[in-house]
Amino acid sequence: MIILPINIEIFFLFDALAKAVIYVILKEILNHIEGGPMDFLELNKKNRSYRNYDAAYAVTEEQLKKLVELTRFCPSSVNMQPFKYYLSCDPETNGRIQPLTKWARALQPMEIPKPGHYPTAFIVICYDETIGPGVERFWKDVGIVAQTIVLGASEMDLGGCMIGNFSPAKISAALELPATLRPVLIIAIGKPKETIVLLDAPAGSSLNYYRDEQDVHYVPKRMLSELLINKR
């Protein structure tokens with residue numbers, strides 16, 4: 001048997017390093033397992049309807065494509081996947097879409113977004129009439145893909161706002177869409193430039209969102225106890 005000479009200090013050094021690496025790996029696994037639901041909760045809280053954006057931040061087409069990629073794996077009624085997506089991230093096209101959208105009905109006549117704080121991208125979700133039997137069957141699917149997009153945007157440190165107050169005919173004309181594609185929802189995307197505060201709303205209190213003199217946006221949310229039907 002051949003015995004190789006080993007420096008005892010080097011042996012203990014490598015032993016300590018191995019233990020440190022194992023500790024870090026196990027800690028990351030535990031953080032992922034234990035912190036997963038809380039991490040998603042925080043992401044969901046971060047995912048607000050942002051209405052003012054940093055006009056200097058240019059959202060790229062590649063970022064928009066990544067958001068649409070997420071929708072490919074969303075549930076879909078009878079797996080028909082009837083939506084197509086128009087991407088806009090250039091000033092000229094954004095300038096055609098923005099004037100045709102109406103924001104924050106509860107805050108009118110306040111001008112939102114403020115001039116100079118418009119989103120720098122839009123995703124127009126369109127229903128493809130050549131695929132499904134009618135858009136009425138897929139309204140739930142619209143919400144699923146839209147929420148997936150804005151959650152993805154939040155994960156990218158961007159923000160979004162779902163906009164349903166627009167004329168599909170005017171959007172179709174502005175974007176020269178084929179007659180078989182019907183715009184059903186517009187999502188503004190950009191780098192948020194405003195503060196939004198979530199508030200717990202006791203039962204019976206107002207749920208109207210509002211802004212203070214510093215333009216901080218407050219959003220009351222019903223308490224968990226009010227949402228549960230079969231409380232224990």
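Here, each number is a calculation from the coordinates, and none is a lab measurement. Keep in mind that this is a model prediction, so the values were computed, not measured. Glycine also receives a Cβ, built like all others from the backbone with ideal geometry; neighbour counts cover every protein chain displayed.
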Test for Val145: is it closer than 18 Å to Gln81 by Cβ and either in contact (Cβ under 8 Å) with a residue 60 or more places away in the chain or part of a loop (DSSP other than H, G, I, E, B) (or both): yes
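Can Pro133 be described as in contact with a Lys or Arg (Cβ under 8 Å, 6 or more places away or on another chain), free of Cβ contacts under 8 Å to residues at least 40 places away in the same chain and surrounded by fewer than 21 Cβ atoms within 10 Å (Cβ to Cβ)?
Numbers: in contact with a Lys or Arg (Cβ under 8 Å, 6 or more places away or on another chain): no; free of Cβ contacts under 8 Å to residues at least 40 places away in the same chain: yes; surrounded by fewer than 21 Cβ atoms within 10 Å (Cβ to Cβ): yes.
Spelling it out, it is not the case that Pro133 is in contact with a Lys or Arg (Cβ under 8 Å, 6 or more places away or on another chain), free of Cβ contacts under 8 Å to residues at least 40 places away in the same chain and surrounded by fewer than 21 Cβ atoms within 10 Å (Cβ to Cβ).
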query: Quick one: how many residues across segment 205-232 are β-branched (Val, Ile, Thr) and either touching a helix residue (DSSP H, G or I) at 6+ places or on another chain (Cβ under 9 Å) or loosely packed, with under 10 Cβ neighbours inside 10 Å (or both)?
result: 1
task: Scan segment 148-157 residue by residue and report those that are more than 23 Å from Gln81 (Cβ to Cβ) and under 8 Å from the mean Cα position of the chain (by Cα).
output: Ser154
statement: When every residue in segment 164-199 that is of a type in the set (A, V, I, L, M, F, W, C) and under 16 Å from Phe83 (Cβ atoms) is compared, the one surrounded by the most Cβ atoms within 10 Å (Cβ to Cβ) is Ile186
- line: The number of residues in segment 57-88 that are under 16 Å from Gln147 (Cα atoms), hydrophobic (A, V, I, L, M, F, W, C) and over 17 Å from the mean Cα position of the chain (by Cα) is 1
